[in-house]
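The values are calculated or read from the model by the stated rules, or taken from the named source; none is laboratory data. Everything numeric here is computed off the predicted structure, so don't read it as measured data. Glycine gets a Cβ as well: all are built from the backbone with ideal geometry, and neighbour counts include every protein chain shown. Accessible surface is based on the protein model in full, side chains and every heavy atom, while ligands, DNA and RNA are left aside. Shrake-Rupley method; radii C 1.70, N 1.55, O 1.52, S 1.80 Å.
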Amino acid sequence: REVPDAVPLDEWLGGDVRAAAMNAVRDALADAFGRLVAAKIFHPDLHAGNVLVQMHGNRPLVSLIDFDKARQLRKLPPRLRNLMLFRFNRALVKRGLAPRPVGLADRVRFCRRIGIALGPRDMRQLAADCGSHLKRHSWRY
């Protein structure tokens with residue numbers, strides 16, 4: 001099904017994006033990711049090309065697409081949730097769509113919006129789940 005007037009996130013990031021719009025899209029993306037997690041859906045191919053952005057004035061609407069490899073689980077383990085986050089981040093960095101590292105405050109804000117409380121133990125678990133890649137690459141958006 002087509003999403004009218006939507007632009008893939010990778011194209012949207014390639015345009016002239018203001019900081020306020022970037023923050024609004026990040027929050028909308030976190031909400032969409034949170035709905036995936038709440039529905040216990042594992043999306044193994046989540047990247048900027050599979051995220052559509054529609055701007056309605058200052059309010060973005062984010063749609064996730066390409067669910068052919070996704071699956072709904074009885075329980076979504078934190079390891080798979082963290083893997084989705086890491087793969088999405090890695091895809092942004094790999095394609096050069098991540099112009100600046102995300103600071104700790106932004107990471108915590110994003111994770112809280114998707115229902116992850118990030119204490120020291122959670123950060124260690126996230127790093128362990130993502131392996132050495134997370135240590136080598138800083139989070140970006």
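So here's what we get for this one:
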quantity	calculated
Under 5 Å, built H, 5+ apart or other chain: amide partners of residue 95	none
Rounded percent of accessible protein surface that carbon and sulfur make up, region 39-96, 1.4 Å probe	50
Residues with amide H under 5 Å from that of residue 115, placed H, sequence gap 5 or more	none
Karplus-derived 3J(HN,Hα), 6.51/-1.76/1.60, for each residue of region 33-47, Hz, glycine and proline x	5, x, 5, 4, 4, 4, 7, 6, 9, 9, 10, x, 10, 8, 8
Directionally averaged projected area (convex hull, Cα atoms, region 8-78), nm²	5.0
Given charges at beta-carbon only (K, R positive; D, E negative), |dipole| of region 1-93 in Debye	720
Extended-chain gain in nm, criterion 0.36 nm per residue less alpha-carbon gap, residue 40 and residue 94	16.8 nm
